[in-house]
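These notes concern the structure reproduced below.
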Amino acid sequence: MKPPRSLIEIRKLLSSREVDMKTLVEFYLGNIREKKHLNAFIEVFGEEALERADRVQQKIDRGTGGRLAGMVIGLKDNICYKGHYTSASSRSLENFRSIYNATAVDRLLAEDAIIIGRTGCDEFAMGGTNETSYYGPVLNPLDTSRVPGGSSGGSAAAVAADLCLAAIGSDTGGSIRQPASFCGLTGLKPGYGRVSRYGLIAYGSSFDQIGPITHSIQDAALILEVIAGKDEYDSTARSEKVPEYSMLLHSAEGKKDGEPFPRKFAYLKEPLDHPGLDPHIRERTINIIEELRADGFQGEPVSFPYLDYMVPAYYVMATAEASSNLARYDGIHYGHRSENSDNLRSTYVKSRSEGFGTEVKRRIMTGTFVLSTGYYDAYYGKAQKARRLIHEKTMEIFDQYPFIILPTTPRPAFLQGSMGEDPVALYLEDIFTIHANLVGIPAISLPLGKHPEGMPFGLQIMSAGLDETGLLLFSDFMMNRFGSLA
Ligand code: GLN
């Protein structure tokens with residue numbers, strides 16, 4: 001069977017009866033076995049997925065299949081799935097079995113998606129390479145000597161290697177978009193609050209969002225439509241009505257023009273002038289901007305003077321939030337309990353020392369430090385001010401332009417192990433993705449670049465507030481216009 005690359009393709013195969021749900025799931029399970037060396041899945045729910053396939057097939061036969069009937073999905077290991085282990089790829093949660101579904105999972109299942117397994121990630125979603133997972137690194141399927149990105153690296157690798165059609169990731173500072181960029185896929189981070197965080201293992205609660213990694217814009221739109229919307233279990237989930245994103249994108253069904261969207265965008269000068277930006281990524285981004293202008297788009301350069309504040313502000317605030325969120329893994333409330341302890345204090349110390357890896361410990365210590373008396377104002381308070389400035393400046397741009405274009409990452413997927421011992425070098429790789437998290441706006445990475453070294457890279461678009469609709473329409477246009485040249 002030729003690997004399907006969209007739900008529309010699968011639907012065609014199912015309705016012509018060339019394929020049934022069981023064959024489809026068996027196809028993916030076969031690929032998973034064959035590509036085990038990638039380490040994309042921590043656990044595969046094979047039997048269960050086959051049983052669900054039968055049930056979904058019966059529904060399809062009766063004409064009652066849900067909106068995601070035919071969609072086989074990988075779920076990041078930090079999103080709770082009732083009755084299943086969810087470890088955030090950490091030793092501390094190795095034996096944690098979820099007793100409820102994340103809201104996003106409930107909604108996926110209600111529309112007949114099949115969750116085929118849980119995908120590896122950086123420990124507690126902290127990282128950009130997948131090398132910090134307790135279960136070992138995930139390899140990039142396009143070149144196994146390279147990282148797939150992170151922290152949703154297992155999700156991206158699984159989709160890129162056709163181990164499932166789509167995957168769910170989480171994005172606190174780029175963890176959906178950066179791996180999508182490294183693996184040649186579409187990665188969508190919805191606006192903050194668009195998708196409920198209930199059941200997502202918290203990292204930085206004012207940044208975290210769940211979103212899809214897919215081959216096609218249509219699948220991203222459909223998954224978002226299903227998982228988005230208000231939720232009484234998450235008071236930060238937005239209550240605005242969820243538009244029917246998937247209906248807006250007719251192009252894949254061969255309809256002529258999609259819905260109209262404003263043909264106007266800004267692009268940020270500083271990222272393009274950044275010394276760390278790979279020259280080929282720079283050139284491709286500028287070419288696309290110029291071609292859009294030649295197509296009649298109004299596209300203008302805008303200065304964004306706070307680019308250098310992004311990484312420090314994010315890493316102060318995200319680690320502060322992480323230090324608080326991870327306090328519960330003390331061996332008593334939650335998480336690994338050391339067998340070598342004999343009193344309360346040593347239970348805390350040893351359970352946490354054994355349960356967490358180096359990067360997580362570094363973040364907890366950094367976060368605790370920036371929140372501590374005497375340093376709070378100098379670090380956490382400052383970072384909040386920087387976040388406010390970044391927010392205000394970004395909103396000023398959105399007053400005039402509906403979209404902002406910038407690269408997703410400074411360079412394509414790097415070699416496994418190449419980041420060495422310097423955590424800051426890796427943090428700096430997040431410079432273009434964390435903008436959207438700091439401001440809480442939607443952002444997408446589109447697979448529009450191919451580096452001469454052979455690896456793909458993404459182009460990023462951000463949109464205002466909760467305007468995923470405009471973002472998806474523009475993205476659909478972009479893929480039709482530039483996708484085949486990537
Ligand atoms: N690389 C970033 C970090 O380590 C982003 C992580 C994420 O989005 N989960 O914090």
Note down all Cβ pairs under 8 Å where the first residue falls in segment 60-81 and is of a type in the set (S, T, N, Q), the second is open to solvent by less than 10 Å² (accessible area, probe 1.4 Å), and they're at least six residues apart or on different chains.
Asn78/Thr86; Asn78/Ala88; Asn78/Ser89; Asn78/Cys121; Asn78/Phe124; Asn78/Ala125; Asn78/Ser170; Asn78/Tyr203
Single condition Ala386 does not satisfy, out of (1) within 15 Å of the ligand (Cβ to nearest atom); (2) in contact (Cβ under 8 Å) with a residue 40 or more places away in the chain
(1)
Matching residues, segment 110-155, being more than 13 Å from the ligand (Cβ to nearest atom), in a loop (DSSP other than H, G, I, E, B) and surrounded by fewer than 24 Cβ atoms within 10 Å (Cβ to Cβ)
Glu111, Asp112, Tyr134, Tyr135, Gly136, Pro137, Leu139, Pro141, Leu142, Asp143, Thr144, Ser145
Among the numbered criteria (1) among the aromatic types (Phe, Trp, Tyr); (2) within 14 Å of the ligand (Cβ to nearest atom); (3) touching a helix residue (DSSP H, G or I) at 6+ places or on another chain (Cβ under 6 Å), which one does Tyr192 miss?
(3)
What number of residues within segment 353-365 are part of a loop (DSSP other than H, G, I, E, B) and either open to solvent by less than 20 Å² (accessible area, probe 1.4 Å) or more than 17 Å from Met126 (Cα to Cα) (or both)?
1
Within segment 172-184, take every residue that is more than 6 Å from the ligand (Cβ to nearest atom) and open to solvent by less than 10 Å² (accessible area, probe 1.4 Å) and give me the one that is farthest from Asp278 (Cα to Cα).
Ile176
May I ask you to list the residues in segment 259-294 that are without any contact (Cβ under 8 Å) to a residue 60 or more places away in the chain and among the charged types (D, E, K, R)?
Arg263, Lys269, Glu270, Asp273, Glu283, Glu290, Arg293
Could you list all residues from segment 400-440 that are more than 20 Å from Pro179 (Cβ to Cβ), open to solvent by less than 30 Å² (accessible area, probe 1.4 Å) and within 14 Å of the ligand (Cβ to nearest atom)?
Gly440
Subset of segment 170-202 (residues that are in contact with a Gly (Cβ under 9 Å, 6 or more places away or on another chain), assigned to a loop (DSSP other than H, G, I, E, B) and not basic (Lys, Arg)):
Thr172, Gly173, Gly174, Ser175, Ile176, Gly184, Leu185, Pro190, Gly191, Tyr192, Gly193, Ser196
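Against the condition more than 16 Å from the ligand (Cβ to nearest atom) and of a type in the set (Phe, Trp, Tyr), how does Tyr203 come out, does it pass?
Values: more than 16 Å from the ligand (Cβ to nearest atom): no; of a type in the set (Phe, Trp, Tyr): yes.
Answer is no for this residue.
Quick one: in segment 451-477, of everything that is of a type in the set (Phe, Trp, Tyr) and out of contact with any His (no Cβ under 8 Å at 6 or more places or on another chain), which residue is least open to solvent (accessible area, probe 1.4 Å)? Please lay out each step first, then the result.
If we filter segment 451-477 for residues that are of a type in the set (Phe, Trp, Tyr), which is where we start, we get 457, 474, 477.
Right, trim to out of contact with any His (no Cβ under 8 Å at 6 or more places or on another chain) and you get 474, 477.
Working: Phe474: 0, Phe477: 43 Å².
For segment 451-477, the residue satisfying everything is Phe474.
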Yes/no for Leu448 being of a type in the set (A, V, I, L, M), under 17 Å from Gly149 (Cβ atoms) and open to solvent by 30 Å² or more (accessible area, probe 1.4 Å)
no
Can you tell which of Gly169, Gly187 is within 9 Å of the ligand (Cβ to nearest atom), under 13 Å from the mean Cα position of the chain (by Cα), in contact (Cβ under 8 Å) with a residue 60 or more places away in the chain and under 22 Å from Tyr315 (Cβ atoms)?
Gly169
Odd one out for Thr214, checked against (1) surrounded by fewer than 20 Cβ atoms within 10 Å (Cβ to Cβ); (2) closer than 30 Å to Asn78 by Cβ; (3) polar (S, T, N, Q); (4) touching a strand residue (DSSP E or B) at 6+ places or on another chain (Cβ under 6 Å)
(1)
Taking Glu396 as meeting all but one of (1) open to solvent by 60 Å² or more (accessible area, probe 1.4 Å); (2) closer than 30 Å to Glu468 by Cβ; (3) within 26 Å of the chain's Cα centre (by Cα), write down the number of the exception.
(3)
Which of the residues that make up segment 327-351 are closer than 18 Å to Phe96 by Cβ, of a type in the set (Asp, Glu) and out of contact with any helix residue (DSSP H, G or I) (no Cβ under 8 Å at 6 or more places or on another chain)?
Glu339
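The values are calculated or read from the model by the stated rules, or taken from the named source; none is laboratory data. These numbers were taken from a predicted model, which means no experiment stands behind them. Cβ atoms come from the backbone with ideal geometry, glycine included; neighbour counts cover every protein chain shown. Just the protein is used for accessible areas: all its heavy atoms, side chains included, with ligands, DNA and RNA removed. Shrake-Rupley method; radii C 1.70, N 1.55, O 1.52, S 1.80 Å.
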